[in-house]
Every structure is written in C-alpha cells, then in structure tokens.
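A short worksheet on the structure shown next.
Where a number appears in this text, it was derived from the coordinates with a stated rule and is not lab data. Model, not experiment: these values are computed from the prediction. Backbone-built Cβ (ideal geometry, glycine too); neighbour counts: all protein chains shown.
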Amino acid sequence: MTLHLPLPTLMARAHAVKTATVGHRVYLRGLIEFSNRCRKNCYYCGIRHGNRTIGRYELTDEEVLQAVDFAWRNRYGSIVLQSGERQSAHFTARITRLLQQIKRHTQGQIGITLSCGEQSYDVYRQWFEAGAHRYLLRIETSSPALYAKIHPCNPTHDFNTRLAALHHLKTIGYLTGTGVMIGLPFQTIDDLANDLLFFQQMNIDMVGMGPYIAHRDTPLYRYHTLLPPPAQRLELALKMVAALRLLMPHINIAAATALQTLHPTGREQAIRAGANVFMPNLTPMKYRHNYRLYDNKPCLNDAPNHCHDCIATRIRCAGEEIGYGEWGDRTNC
Ligand code: SAM
Ligand code: SF4
C-alpha cells in the first residue's frame, strides 16, 4: 500500500500528479468560526457541549458580514461558515438569512461552504437553495468500530446518521467534503487506508483531513500518552494527503490548520504533498481562544490582515500561486 512508501517518494509523485491535474493554484477559503455552541459531546473536541471551561459565543450578523467583506475585498474566492452542531428552527433560519445576506453583499461572487454538522435533508436543501454550494462534514473515521470509541454511545452520535447525512448532501447537489482525523488513539494503518478508499467510493469532491491533536479538557485526553510523537503524526498526515492525491487526482484537498500545530511549516508541506486549498482564519480575534478544538491551536493571535500576508508568503514558499477571486471547484467528476 502507498502509505508504506518513503515520504519524499510519495510527495514527489503526488506533486507531479497535482501539477498535471489541478495545476499550481492554491484556493483560499476564509474560515469564519461563527459560533462554538454545540449540542454534541465528541470525545476529542475542545468545544464539546460538556466542556464548561470555555465561554460560549455567537458572532452577530454584522460581525459575520464584516469577515465576509474582508474576504471579498481581498479577493478570496470563498468563505467557510463553521460552527458547533445545533438543530433548532432558530439556528436553521439564521443560517438561511446569513446566506442570503452574504450572496447579496458580494453580488453572488463569493462561494460559500457550510460546516455546521448533521442536519435533516430538508434543512440541507433549504441552505443549498439560499446559496451554499459546498458542505464539509468529516466522517472522522470510516471505521464504525473506531467511531464508536471516540464518540458517546447514543443516537446523537451515530455513525450511520453521519453517513446518511453525507449521502443527503450529495443527493441535493452540494460539492461534498469530508475527512478524518489522523493519528487517533486505537487507529491503525489499515483504518487510514480504508479512509482513503471510503473517499474514493463516495466520489467525494473535497477532503479536509488533519492530525488529531489532544485537548486536555476532553475525555480522549486520557489516551494522549498512546499517541505517536508529533514528527511521526506529521509524516502520517502528509502521507495521507499524498496518497489521496494519487488516488483522486482531481479533487480539492485542504492543508489542515492542525498540521501547523505539529510543525511551523506543516501546511506548506501539505501543499507540497498535493493539497490545493488553504483556509485563512477570519474569525474576529476576541472569539478565537474559545474555538480551541485542540491544545496549541495556531494563529489564535494573528489578525486577518496578518494571516493574509503570512499565508500568501507560505503559499509562495511552497512554489505555488494563489487563485485570487476564483471558487476553484472540482471540475472533473
Ligand atoms: N460541528 C461541525 C462538525 O463536527 O462537523 C463542524 C465543526 S467541528 C469543530 C470541525 C472539525 O474539527 C471536526 O470535524 C473534527 O474533525 C475537528 N476536530 C475537533 N477536535 C479535534 C482535535 N482534537 N484534533 C483535530 N481535529 C479536531
Ligand atoms: Fe460539536 Fe463538531 Fe466538536 Fe463534535 S466535532 S463536539 S459536533 S463542534
């Protein structure tokens, strides 16, 4: 299996395939973490419902639109609206309203990805009709047995419900993104290889996968001593990116923020390994420390302007160019 090849060999092959298929462009998706309120209790996540050590927040419509405006003026092709999972009618209506406002404000020019967890078919369809055209819902692991180990055992955290949600997104017509965490306790190389095959079987359009990083206020933290050292987890994550580029040459692959926790140039290395999407953080500074999904999350104190310059440099250093003003959607299905 490709994951056993030496990293430099894999990266060189994947980079050649990427250049031949999606080219040298890297697309920007400005990430707006608009609320950390969540009904769920995933064992790995720092903003899980049961974590009482963080302050809960919600951006106002104006704050969301300001972040969108920054992205638009700086010619980011797209934004990502991300939050904890909530399923109330109020939440649904608010997202619908925001989508319509964003489309109006940017004259339909900015692409919108949503990442707000599991919702019903009708809610997904309502948001699609309001202007979202991509949705990111990580399967977290394609192994039902491992999924059960990293989530509470109840109907709110059911593997099959998550899988059904991914199918709904595809049926509705979203460009559908998923992904996994790499280096989880109890995860095997076979699990990861199966994750790659899962993306292929689902004919997924985009993948955001990154290393698992422990958070001290979560149940999974008790296993942190079982984790491979950071260098090994980084290598595994880069191998996953490279192997995926070889397996699915035309899809969009994000350089996950968590890579930068393991190494200062983790995201650039992912670009060299075949990733072609970068997600600069546009969340207003005062909220960022409350969206700490894992310990040592990077860029908590970097203002959007600073992030913008820093990311442009990082992408140039990786030998690529930014696709300014472009949605950069997968075209070859
Ligand atoms: N609530 C939505 C959901 O779960 O799909 C979207 C937001 S959630 C915070 C986004 C992603 O963060 C999850 O899919 C998960 O993979 C990732 N994440 C959470 N905790 C993490 C951790 N400790 N290490 C790495 N990634 C983590
Ligand atoms: Fe909530 Fe998403 Fe975190 Fe799970 S991963 S606790 S759904 S924010």
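Stretching Gln87 away from Arg25 to a fully extended chain increases their span by 18.7 nm, per 0.36 nm per residue minus the current alpha-carbon distance. Of all the options Thr113, Thr218, Thr156, the one that moves most in a Gaussian network model of the chain with Cα springs shorter than 10 angstrom is Thr156.
Note on the chain: antiparallel DSSP beta bridges, both residues inside, total approximately 5 percent of the bridges counted.
Between Gln201 and Met285, the modelled labels are 4.7 nm apart [label points 7 Å from Cα along Cα→Cβ]. Each principal axis of the Cα cloud of the chain was evaluated for its coordinate range; sorted largest first, these ranges are 48, 44, 39 Å. Maximal additional length on extending the Arg39-Arg73 stretch stands at 8.8 nm, based on 0.36 nm per residue less the C-alpha distance. Compared with the direct C-alpha span, the chain from Asn301 to Ala164 gains 45.6 nm at full extension, assuming 0.36 nm per residue. Working note: Debye formula, equal point scatterers on the alpha-carbon atoms of region 113-270, no solvent; log10 I(q)/I(0) at q = 0.14, 0.18 Å⁻¹ is -0.72, -1.16.
Under a Gaussian network description of the chain, with springs only between Cα atoms under 10 Å, the residue in Ala164, Ala89, Ala16 that fluctuates furthest is Ala89. The distance linking region 220-280 with region 23-65 is 20 Å (Cα centroid to Cα centroid, whole angstrom). Modelled this way, with points 7 Å down the Cα-to-C-beta line, the labels at Arg316 and Phe186 are 4.7 nm from one another.
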